[in-house]
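I have placed the structure first, in the form of structure tokens, so that the comments after it can refer back to it.
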């Protein structure tokens, strides 16, 4: 079982043992920092209900102890409530607002979130199984993530990792995605070619490894033929099971006990 000391990354979150094995042992080590991103003192925005404060990134890690400050004062766990770890919202009592509803209070939250939660990674694995079913050498197959051959694990991991890099590249088009790379103001507005280049390299390397394996003629089919038996060798050599010669004692020879007739 995977274990990541010093982190708050949960393990064995899926109902599928196969998914847990691939995610916890293969994918998480490669996505470790993206699965526990810490956002420090982000200023929350008051929702239209006038009670709920929202933050930028959801999928908070529940084992991380939130640090909530209201008007620069650090609150204890009793000072805030109704924490939604998925939607990244909480309440800090009834805020003071202006006549038109603008908040007078300032709420800052330090939290840790998972950029690739188990639901996303599980969907990625489901997608790549279908890719292997139809894209690998040989006729199409209809495996699922739970009954696919064990030797597929490396390919599934590489293709799922490539999808993760693809998502980072897509999200990087938005300022919200660029924030996780700790870019400065100018880089947030203009982007950084170094980052996109690195993501493209990681993506292409994973795809290249996977494609090389899928091009193997025996990747899907394996070795289906059984090892030759003594009977097989005796048959092709013209030896019967009970003796030697043309026909053999029990008709297992090369001609399977055939007898001459008027045509031969």
Could you check residue 174 against (1) under 30 Å from residue 17 (Cα atoms); (2) modelled with pLDDT of 60 or more and say which number it fails? (1)
Between a first residue in the range 187-212 that is surrounded by 13 or more Cβ atoms within 10 Å (Cβ to Cβ) and a second residue that is part of a helix (DSSP H, G or I) and modelled with pLDDT under 75, which pairs have beta carbons less than 6 Å apart while being 6 or more apart in sequence or on different chains? 188/175; 188/178; 195/181
Qualifying positions in the range 80-119 - within 25 Å of residue 31 (Cβ to Cβ), out of contact with any strand residue (DSSP E or B) (no Cβ under 9 Å at 6 or more places or on another chain) and touching a residue at least 24 places away in the same chain (Cβ under 8 Å): 116, 117, 118
Is it the case, given these coordinates, that residue 134 is more than 27 Å from residue 11 (Cα to Cα), touching a helix residue (DSSP H, G or I) at 6+ places or on another chain (Cβ under 6 Å) and either buried (at least 20 other Cβ atoms within 10 Å of the Cβ) or not assigned by TED's automatic domain parsing to the domain that holds residue 53 (or both)? no
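Report yes if residue 82 is at pLDDT 90 or above, more than 16 Å from the chain's Cα centre (by Cα) and not in a loop (DSSP other than H, G, I, E, B), otherwise no. Don't jump to the end; show me each part of the working.
Values: at pLDDT 90 or above: yes; more than 16 Å from the chain's Cα centre (by Cα): yes; not in a loop (DSSP other than H, G, I, E, B): yes.
It is true that residue 82 is at pLDDT 90 or above, more than 16 Å from the chain's Cα centre (by Cα) and not in a loop (DSSP other than H, G, I, E, B).
The values are calculated or read from the model by the stated rules, or taken from the named source; none is laboratory data. Since we're looking at a predicted model, the values are computed, not measured. Virtual Cβ from ideal backbone geometry, glycine too; neighbours counted across all protein chains shown.
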